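Remarks on the structure that follows.
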Amino acid sequence: MKLKVNKDKCIGCGFCVGTCESVFEFDDDNQAKVVKEPIPDEFKEEATTAKKGCPTGAIEEE
């Protein structure tokens with residue numbers, strides 16, 4: 001699974017980072033970014049939860 005954060009939609013709320021900090025972290029602009037690609041199997045469930053819970057739908061599958 002590959003994910004990306006659409007920077008035009010990200011508001012930096014931190015839901016994804018709080019849900020799956022092994023895959024997401026904040027960049028210098030306080031927007032989320034994906035730090036592990038592809039998503040390791042052990043983090044797929046958490047990453048999917050983060051994607052579904054993003055309030056702006058900024059996390060997208062590639």
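For the stretch 39-62, what are the residues that are closer than 9 Å to Leu3 by Cβ and either surrounded by fewer than 13 Cβ atoms within 10 Å (Cβ to Cβ) or modelled with pLDDT under 95 (or both)?
Selection gives Glu61, Glu62.
Among the listed residues Gly12, Gly53, Gly18, Gly57, identify the single one that is without any contact (Cβ under 8 Å) to a residue 12 or more places away in the chain and not hydrophobic (A, V, I, L, M, F, W, C).
Numbers: Gly12 fails: without any contact (Cβ under 8 Å) to a residue 12 or more places away in the chain; Gly53 fails: without any contact (Cβ under 8 Å) to a residue 12 or more places away in the chain; Gly57 fails: without any contact (Cβ under 8 Å) to a residue 12 or more places away in the chain.
Checking each option against the conditions leaves just Gly18.
Based on what the data block shows, is Asp29 closer than 12 Å to Met1 by Cβ, modelled with pLDDT of 95 or more and out of contact with any Asp or Glu (no Cβ under 6 Å at 6 or more places or on another chain)?
no
The values are calculated or read from the model by the stated rules, or taken from the named source; none is laboratory data. Only a predicted model underlies this, so the values are computations on that prediction, with no experimental measurement involved. Every residue, glycine as well, gets a Cβ built from its backbone with ideal geometry; the counts of neighbours run over all protein chains shown.
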